[in-house]
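Right, one structure below, let's go through it.
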Amino acid sequence: MAERRSATIKDVAAAAGVGIATVSRVFSGTGSASAATRERVLAAARELDYRPSALGRGLKLRRSGGIGLVVPDVTDPFCAEVVAGVLACARTLGGHVIVDAAHGDPSREAEIVDRLVEQRVDGIIALPAGEEADWRAAARVCSSVVFADRVLPGLADVPSVLADDAGGVRSLTEYLAGLGHRRIGFLGGAPGRPRGVRERAFRDTLAQLGVPVEEDLVVAARPARDAAYAAAAGLLQRRADVTAVLAAGHLLGEAAVLVARELDLRVPADVSIAMMDDVAWAELCDPPLTAVARPGHDIGYRACELLLREPARRGRGGPVLLPTELVVRGSCGPLRSARR
């Protein structure tokens, strides 16, 4: 039995009684066609089971119709939420997404971006880790770039969607201080880099509360489990007078919980622990961990919305800032006597 020939654009045009150019305009969304003509073309396409060629359309329009998404790590719980949000929005608006992970490596991130630009994606959403120069070049040749969750200082003109991390750290710091804690350890970002939003918010909030900032209690760590564990262990072993720990991320919070357990410190009787990022395991700890919930899914969704809008509609009035929420659980308690 002979294989059935696939319908072509010529077949659709003949069946609908219009020209090939009209069929092309209907499927590409460019140019004009009356509602009656559009319905006649679509009906003919359904009858013939016609599928327009995405490859051909991409070559004609000089773009692939896809969205590039660059994240640090697809297995990270927060990044996974961002990815889910982007995918949900793209599905709603008829786009498709190409996802890749840079694992915090600026050179790998630059390679990924170059490849996406070569593929002529419609735009790129990124949680950037690389250099400003690389992203500035990408923004020049790519139709659109949107940053999610973080920004690069020299690229303020690139649209971005962020969580209110400063507000989240402020609420945690005020909560711990309200419980009577004054020696609060802070586990923060990578050493050697400028102070990030979270560390600045921690310092500013303590200053506003009249609590001196002890530099020995502010510890930096690379975004990796071994580095986070070393930072938490160093803090809790070196300073037996620490009564609370504020972790700037879930890896650091996980490390603080593990070190406290290994040092036989009771939570919250000996030390209170709280962290940014309300990941799933926080509620399963014993006791459950106080945390700030950051809207990863909403960040991804809103970033995709910004990307897929017409440039004239895209907001240029600064970052889109989404609220965070303090989730109080059992890992923080009032100040007691010095720990055992």
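The values are calculated or read from the model by the stated rules, or taken from the named source; none is laboratory data. Given the structure is predicted, the values throughout are model-derived calculations rather than measurements. Quick reminder, even Gly has a Cβ in these numbers, built from the backbone with ideal geometry, and neighbours come from all protein chains shown. The protein model used for the area step is the full one, side chains on, heavy atoms only, and it has no ligands, DNA or RNA in it. Shrake-Rupley method; radii C 1.70, N 1.55, O 1.52, S 1.80 Å.
Sequentially through segment 34-45, phi angles give Karplus couplings (6.51, -1.76, 1.60; θ = phi - 60°) of 5, 4, 5, 5, 4, 5, 5, 5, 5, 5, 5, 5 Hz, Gly and Pro residues having no value and appearing as x. Spin-label model, residue 99/residue 240: points 7 Å from Cα along the beta carbon direction are separated by 4.8 nm.
Computed with a 1.4 Å probe on the full set of protein chains, the accessible area for residue 183 sits at about 110 Å². If R0 is taken as 56 Å, the Cβ-Cβ distance between residue 215 and residue 32 corresponds to a FRET efficiency of 0.25.
Over the Cα atoms of segment 192-310, Rg to Rh with Kirkwood Rh, two decimal places? Here Rg/Rh amounts to 1.03.
Compare 150, 329 by solvent-accessible area with a 1.4 Å probe and give them largest first, with all protein chains kept in place.
150, 329
Taken over the C-alpha atoms, segment 67-158 has Rg and Dmax values of 12.2, 33 angstrom. Using a cut-off of under 18 Å, list every residue of segment 225-260 whose amide N is near the label point 7 Å from the Cα of residue 203 along the Cα-to-beta-carbon line. Of the residues in segment 225-260, 246-249 have backbone N under 18 Å from the label point off residue 203. Rounded to the nearest 10 degrees, the angle from helix 77-93 to the longest Cα principal axis of the chain is 20 degrees. Taking Cα atoms only, the orientation of helix 165-178 departs from the longest principal axis of the chain by about 20 degrees. In plain terms, the chain from residue 286 to residue 48 could stretch by 79.5 nm, reckoned as 0.36 nm per residue minus the Cα-Cα distance. Put simply, the amide H of residue 160, placed in the peptide plane, has neighbours under 5 Å in 147, 320, leaving out anything fewer than 5 places away on its chain. Residues whose amide H comes within less than 5 Å of that of residue 121, counting only those at least five positions distant or on another chain, are 64 (H built at 1.01 Å from N in the peptide plane). Pairing the Cα long axis of helix 106-118 with the longest principal axis of the chain, what angle in degrees results, from 0 to 90 and rounded to the nearest 10? Tilt of helix 106-118: around 10 degrees. For 173, 22, 8, the ranking by accessible surface with the largest value first comes to 8, 22, 173, using a 1.4 Å probe. Around the amide H of residue 267, modelled in the peptide plane, lies no amide H under 5 Å away from a residue 5 or more places distant or on another chain.
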